[in-house]
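K.L.:
Just dropping this structure here.
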Amino acid sequence: MCGIVGYIGTQVAVPILIEGLSRLEYRGYDSAGLATVSQGDLHLVRAPGKLVNLREKLASLDSTARVGIAHTRWATHGKPEERNAHPHIDGHTRVAVVQNGIVENHRVLREHLEAAGCTFTSDTDTEVIPHLIAQHLAQSTLPRYMALLEAVRQTVNQLQGAFAIAVVAADYPDEIIVARQQAPLVVGFGQGEVFCASDTTALLSHTQAFLSLENGEMARLTPLGAEVYSFAGERLTRYPRTLDWSPALVEKQGFRHFMLKEIYEQPGVVRACLESHLIQEPTDGSPLCLGTVTELYPTIERIQIVACGTSWHAGLVGRHLLEQVAGIPTTVHYASEFRYSPPPLQPGTLTIGVTQSGETADTLAALEMEVHRCQVAWPGRPLAFLGITNRLESSLGRLLPHLIHTQAGIEIGVAATKTFAAQLVAFYLLAFDLAFQRGKLDRNALQDILNHLQQVPSQIEWILETQAEAIEHLAHEFRDVHNVVYLGRGINFPIALEGALKLKEISYIHAEGYPAGEMKHGPIALLDPQVPVVTLALPGSVFEKVLSNAQEAKARDARLIGVGPADDPHVHEVFHTLLPVPTLPELLSPLVAVVPLQLLAYYIAAHRGLDVDQPRNLAKSVTVE
Ligand code: G6P
């Protein structure tokens with residue numbers, strides 16, 4: 001939610017800030033702006049809408065400034081208009097601030113500031129910050145090199161909420177002050193230059209050396225480095241680490257959209273996830289290697305999963321596997337609900353947090369709350385928490401000691417695709433390993449299912465190579481529909497939800513995912529010849545049931561699209577159009593069944609001429625509650 005970036009060094013700042021913003025647009029794109037400091041003044045440029053509007057405004061600007069901060073916004077407080085765009089400034093245009101987050105006590109602070117004579121020009125919560133900093137600076141008697149840092153420190157201690165900020169000031173051209181409280185912020189190090197950003201992806205073309213600030217930490221950035229302090233003012237010793245990510249990861253590499261590229265990366269992603277967790281020459285133990293995660297196994301009596309969005313759908317598939325294969329009672333919670341109505345604590349519960357970004361505010365807050373509840377209830381007892389994430393360096397990665405890294409590489413498209421596939425693989429490996437260790441799956445059965453799992457990458461490749469064109473044609477036919485119903489049962493019910501979510505997110509077409517057997521209890525009333533019904537009909541325990549449910553829809557003249565096996569004549573009879581997928585054990589079918597649904601959503605949105613990678617109102621990483 002909102003992206004911030006800052007630069008101080010020997011190069012001209014504006015192009016670096018703009019490039020950084022373009023990498024962060026996935027975090028929000030309602031407006032953008034930047035502030036630079038040069039010749040004793042602050043220069044501010046802001047524009048509503050996407051970054052392209054800011055670029056146009058900047059075309060006539062001849063800035064040689066070597067320090068600046070910038071922001072791309074996902075509106076929370078105040079409409080996406082220019083006056084609400086960041087950076088925000090104090091009344092004398094001496095201090096500029098960008099923020100990612102929400103200042104929850106902004107109303108009270110604003111009242112005090114207005115009473116003291118400050119005039120506000122926006123509706124945002126952020127604007128209180130530059131006014132407060134300016135107030136502290138006006139009263140400061142500290143030496144010059146400490147004054148701005150101390151003014152920001154006093155200010156952050158007055159703020160409540162979750163925020164990450166970057167600050168520049170006209171009278172302090174040699175520094176940027178940054179602070180973090182529950183919203184991500186990294187500092188990047190170059191030669192004679194220092195950067196800051198909401199995410200490492202913004203800076204990959206400049207540096208691979210990063211320091212992630214922790215909650216309650218702030219830093220003074222100068223061209224020579226970063227001094228880190230706590231909000232209490234204590235100097236801290238922190239060391240950067242080096243990532244080994246290629247800048248090419250954040251390029252489209254010839255694909256029209258990142259989402260399409262990421263769909264096509266799925267075979268490689270599944271292969272990589274399997275390779276890193278399968279032991280090539282297993283001895284007597286499990287052929288799976290999940291590192292320290294196995295330390296959690298002995299005490300597990302039940303599992304609760306917390307997640308949001310697509311990660312929640314992966315959690316639903318995980319529940320099916322953990323219950324049906326490993327025999328462990330499992331519940332799945334929306335993190336935003338769990339935070340305020342958690343179930344009663346029960347000993348023997350493993351809590352799994354699933355978040356590809358590792359930064360989703362609701363998921364982090366739910367996990368932090370649960371960690372706290374466990375520590376209060378059972379002081380000294382080891383915590384049974386597991387994180388499944390694509391970003392080890394994220395807040396989740398630092399919060400939880402046991403992690404499964406999904407290794408999908410950076411995902412830029414707002415609609416999650418390859419990270420979903422990788423989350424599913426994580427749940428397969430976890431459930432199979434647990435089932436094996438608990439005697440629910442013998443070695444032969446485990447080896448058999450793992451052999452099938454290793455076929456999945458080539459089966460996804462087959463879909464991508466042979467079916468994409470037909471799906472694109474179908475998408476063209478459906479580009480103007482208003483409603484689509486997705487049906488699935490058993491392990492493929494979450495895939496119906498995920499197919500519907502993909503379509504909603506990027507094409508703005510109303511879509512609902514339902515358990516196929518539930519359709520007759522409501523959604524069947526929606527059906528008519530204009531409503532396509534996409535049904536997941538994969539061979540296995542509920543195959544015939546699903547086909548019967550599809551027949552019920554057909555009897556109401558709905559247009560039936562099936563995702564199922566090409567070699568089953570019955571399937572061809574039932575569906576008007578079949579999106580064929582290779583046959584494999586029912587348990588593994590979600591991994592292939594989701595692919596045609598991703599392509600269908602992608603091509604419908606592309607045919608509608610929509611901005612697939614940056615759909616309206618959404619953000620990839622939702623770092624506010
Ligand atoms: C946002 C994104 C979704 C994503 C969800 C959870 O809503 O638009 O694509 O599934 O956040 O993200 P996470 O990083 O926690 O998996």
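The values are calculated or read from the model by the stated rules, or taken from the named source; none is laboratory data. None of the values given here were measured: they were computed from a predicted structure. Positions of Cβ are backbone-derived with ideal geometry, glycine not excepted, and every protein chain shown enters the neighbour counts. The accessibility values were calculated without ligands, DNA or RNA, using every heavy atom of the protein model including side chains. Shrake-Rupley method; radii C 1.70, N 1.55, O 1.52, S 1.80 Å.
K.L.:
Given the criterion over 16 Å from the mean Cα position of the chain (by Cα), open to solvent by less than 10 Å² (accessible area, probe 1.4 Å) and either closer than 30 Å to A445 by Cβ or among the hydrophobic types (A, V, I, L, M, F, W, C) (or both), identify the matching residue among L587, L578, L591.
P.N.:
Answer to the check: L591.
K.L.:
What is the one condition in (1) of a type outside the set (D, E, K, R); (2) at pLDDT 90 or above; (3) within 22 Å of E465 (Cβ to Cβ) that S541 does not satisfy?
P.N.:
In the conditions (1) of a type outside the set (D, E, K, R); (2) at pLDDT 90 or above; (3) within 22 Å of E465 (Cβ to Cβ), S541 misses (3) alone.
K.L.:
In addition: Could you check the stretch 385-396 and list, in sequence order, the residues that are surrounded by 18 or more Cβ atoms within 10 Å (Cβ to Cβ) and of a type outside the set (S, T, N, Q)?
P.N.:
F385, L386, G387, I388, R391, L396
K.L.:
Starting from the stretch 509-521, keep only residues that are touching a residue at least 60 places away in the same chain (Cβ under 8 Å), then list their pairs with residues that are assigned to a strand (DSSP E or B) whose Cβ atoms are within a distance under 7 Å, requiring at least 6 positions of separation or different chains.
P.N.:
That search, which allows pairs on different chains as well, returns I509/V484.
K.L.:
Also, I was wondering about something else. Pairs, please: C-beta under 8 Å, at least 6 apart or cross-chain, first residue more than 17 Å from K252 (Cα to Cα) and in the stretch 412-424, second open to solvent by less than 10 Å² (accessible area, probe 1.4 Å) and within 7 Å of the ligand (Cβ to nearest atom)?
P.N.:
Cβ pairs passing all conditions: Q423/V354.
K.L.:
Which of the residues spanning the stretch 541-557 are farther than 14 Å from A516 by Cα and open to solvent by less than 40 Å² (accessible area, probe 1.4 Å)?
P.N.:
Those that are farther than 14 Å from A516 by Cα and open to solvent by less than 40 Å² (accessible area, probe 1.4 Å): none in the stretch 541-557.
K.L.:
In addition: Checking D557 against (1) part of a loop (DSSP other than H, G, I, E, B); (2) of a type outside the set (G, A, S); (3) away from the ligand (no atom under 16 Å from the Cβ); (4) at negative phi, only one condition comes out false. Which one?
P.N.:
Going through the list (1) part of a loop (DSSP other than H, G, I, E, B); (2) of a type outside the set (G, A, S); (3) away from the ligand (no atom under 16 Å from the Cβ); (4) at negative phi, D557 breaks only (4).
K.L.:
If a residue must be away from the ligand (no atom under 16 Å from the Cβ), open to solvent by less than 10 Å² (accessible area, probe 1.4 Å) and of a type in the set (G, A, S), how many such residues does the stretch 413-442 contain?
P.N.:
Result for the stretch 413-442: 2.
K.L.:
Next question, about the same structure. For V108, indicate whether it is closer than 25 Å to R153 by Cβ and in contact (Cβ under 8 Å) with a residue 40 or more places away in the chain.
P.N.:
So V108 fails the test.
K.L.:
Can you tell me how many residues within the stretch 594-625 are aliphatic (A, V, I, L, M), out of contact with any His (no Cβ under 8 Å at 6 or more places or on another chain) and open to solvent by less than 30 Å² (accessible area, probe 1.4 Å)?
P.N.:
Count: 10.
K.L.:
What residue, among those in the stretch 102-129 that are among the β-branched types (V, I, T) and in a helix (DSSP H, G or I), is most open to solvent (accessible area, probe 1.4 Å)?
P.N.:
That would be V108.
K.L.:
Identify all residues within the stretch 474-495 that are within 16 Å of the ligand (Cβ to nearest atom) and either in contact with a strand residue (DSSP E or B) (Cβ under 7 Å, 6 or more places away or on another chain) or modelled with pLDDT under 95 (or both); write none if there are none.
P.N.:
Matches in the stretch 474-495: I495 only.
K.L.:
Would you mind stating whether R66 is of a type in the set (D, E, K, R), in contact with a Ser or Thr (Cβ under 9 Å, 6 or more places away or on another chain), more than 24 Å from K620 (Cβ to Cβ) and open to solvent by 40 Å² or more (accessible area, probe 1.4 Å)?
P.N.:
In short, yes.
K.L.:
So, one more: Of the residues in the stretch 402-435, how many are farther than 21 Å from C289 by Cβ and part of a helix (DSSP H, G or I)?
P.N.:
Total meeting the criteria: 3.
K.L.:
Filter the stretch 297-324 for residues that are among the aliphatic types (A, V, I, L, M) and either crowded, with 22+ Cβ neighbours inside 10 Å or within 16 Å of the ligand (Cβ to nearest atom) (or both) and give the result.
P.N.:
I303, I305, V306, A307, A314, L316, V317, L321, L322, listed by residue number.
K.L.:
Something else: If you scan the stretch 459-510, which residues turn out to be under 18 Å from G413 (Cβ atoms) and either more than 20 Å from the chain's Cα centre (by Cα) or open to solvent by 10 Å² or more (accessible area, probe 1.4 Å) (or both)?
P.N.:
I460, L464, A468, I471, E472, A475, L501, K504, E505, Y508, I509
K.L.:
Now for a separate question. For T331, only one of the following conditions fails: (1) free of Cβ contacts under 8 Å to residues at least 40 places away in the same chain; (2) buried (at least 23 other Cβ atoms within 10 Å of the Cβ). What is its number?
P.N.:
(2)
K.L.:
Residue under question is Q356, and the condition is that it be within 13 Å of the ligand (Cβ to nearest atom), open to solvent by 10 Å² or more (accessible area, probe 1.4 Å) and touching a residue at least 12 places away in the same chain (Cβ under 8 Å); does it hold?
P.N.:
So Q356 passes the test.
K.L.:
Looking at (1) out of contact with any helix residue (DSSP H, G or I) (no Cβ under 6 Å at 6 or more places or on another chain); (2) surrounded by 13 or more Cβ atoms within 10 Å (Cβ to Cβ), which one does A248 not meet, given that it meets all the others?
P.N.:
Status for A248: all satisfied but (2).
K.L.:
While we're looking at this one, here's another question. Quick test of your reading of the structure: R373 fulfils all but one of (1) at pLDDT 95 or above; (2) away from the ligand (no atom under 16 Å from the Cβ); (3) touching a His at 6+ places or on another chain (Cβ under 7 Å). Name the failing condition by number.
P.N.:
(3)
K.L.:
Taking the stretch 444-458 as the search range and keeping residues that are open to solvent by 10 Å² or more (accessible area, probe 1.4 Å) and touching a residue at least 24 places away in the same chain (Cβ under 8 Å), which one is farthest from L296 (Cα to Cα)?
P.N.:
Among those that are open to solvent by 10 Å² or more (accessible area, probe 1.4 Å) and touching a residue at least 24 places away in the same chain (Cβ under 8 Å), it is S458.
K.L.:
From the list L386, L399, exactly one residue is within 19 Å of Y297 (Cα to Cα), in contact (Cβ under 8 Å) with a residue 24 or more places away in the chain and more than 9 Å from the ligand (Cβ to nearest atom). Which is it?
P.N.:
Going through L386, L399 in turn, the sole match is L386.
K.L.:
On the basis of being outside any loop (DSSP other than H, G, I, E, B), of a type in the set (S, T, N, Q) and either modelled with pLDDT of 90 or more or closer than 29 Å to I412 by Cβ (or both), does T201 make the cut?
P.N.:
yes
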